[in-house]
1. Which of the peptides 125-136, 275-286, 250-261, 98-109 is most tightly packed, and how do the rest follow, going by the mean number of other Cβ atoms within 10 Å of each residue?
2. With label points built 7 Å along Cα→Cβ from the Cα atoms of THR135 and GLU280, find their separation and express it in nm.
3. If I take the Cα coordinates of the range 218-267 and project them onto the principal axes, what are the three extents in Å, biggest first?
4. Simple spin-label model, 7 Å along Cα-to-Cβ: ARG127 to GLN267 in nm?
5. Let me cross-check GLU96: its accessible surface, 1.4 Å probe, with only protein heavy atoms counted, in Å² to the nearest 10?
6. In whole percent, how big is the carbon plus sulfur part of the accessible area of the range 167-273, probe 1.4 Å, protein atoms only?
7. Report Rg/Rh for the range 213-297, rounded to two decimals, where Rg is the Cα radius of gyration and Rh the Kirkwood radius.
8. At a Förster distance of 22 Å, what's the computed FRET efficiency of ASP109 paired with LYS175, Cβ-Cβ distance as r, to 0.05?
Amino acid sequence: MSPWSVWWLGMVLSPAWAQDSDAASDPARPERIPEEAVEVPLREGEADEASISDAADAADAPDAEAVPEDEEEADYTVIVVREQDVRAARDALVREMESLSWKTKRKRDGRVVFKGPEPWMGKMTLRPNGVIDFTTPSIAFGGTGGVDTEYQANPRSNMDPQTGSAGVAIGFDGKRKAAAVQSELRAAITDDLEHLRSTIRARGFGRMVEQLPDRLDGVWNDGIGMDGSSLHDPTDKRRDVLSYWSSRTDTPEGRVVMRTIEVWLRQTVMLSDHPVTPQEAADAEAARDDGRTLDIF
């Protein structure tokens, strides 16, 4: 795997997230939603569809375990998040749901539907991006019945022949109880769900970073701006890339994007006949308020 692939597929976690060398094989859980993540949200000591942080110079990194030369970033650890990690995190959530007696049915579109132990508990749908939805069956208290239905003060069954909804015993607030069960379920699966969402975010951000050099090549070679606009003059192309660099957030995720852009600029633009000028670099730096410098000279 080339150095570029390592950095574009890898994640660099902030010092607070960095793991001990003993746990290098188990990715840590990033907590921040990555900018421009492909899908919209890892458990500590583990890794899995679904961001990242400050990286050392991508072109100079020999492998995924390399220690950045930049002293400021020496505590950052590179993590590679793979599709199998996402599947593993999703499977862990499925096992947890099944341990709580919720039945599982996987859909072809990537959704997983869970049915409660009792019909009145409703269903929970897990979407590919880690979002969950609850649905509760319509509950009739005694049923409204048909036009000529006799009123029964103590019905033995609460099937509603008019609406087709299933009821429960009179005096039982089914919807409220179903909501309580679903709330308890949310609490029970919080760790597994957040683990899955963080892995999805990490993988999504990794994909975005992996594709970033191609997008930058598109600006320089094809005149396709980062926002899809059409560019022709080398000056406009440089300005477009530098503007994108200036607008990245001062977060671990933003810094890895900026570092990737800086490496691309050094290897592509600065070796061309139209390199970034000192004034252009100064203007890009002035557009930020965190004091970061453009590392391309």
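The values are calculated or read from the model by the stated rules, or taken from the named source; none is laboratory data. As the structure is a computational prediction, the values presented were derived from the model and not from experiment. Here the Cβ is made from the backbone with ideal geometry for all residues, glycine too, and neighbour counts use every protein chain on show. Keep in mind that these areas ignore ligands, DNA and RNA; they rest on the heavy atoms of the full protein, side chains included. Shrake-Rupley method; radii C 1.70, N 1.55, O 1.52, S 1.80 Å.
1. Ranking, from highest mean packing down: 250-261, 125-136, 275-286, 98-109.
2. Roughly 5.4 nm, to one decimal.
3. 32, 22, 15
4. Each label point lies 7 Å from its Cα, and together they span 3.6 nm.
5. 60 Å²
6. Summing carbon and sulfur atoms, their accessible area is 45 percent of the total for the range 167-273.
7. With Rg and the Kirkwood Rh in hand, the quotient comes to 0.93.
8. Given R0 = 22 Å and the Cβ-Cβ separation, E is 0.20.
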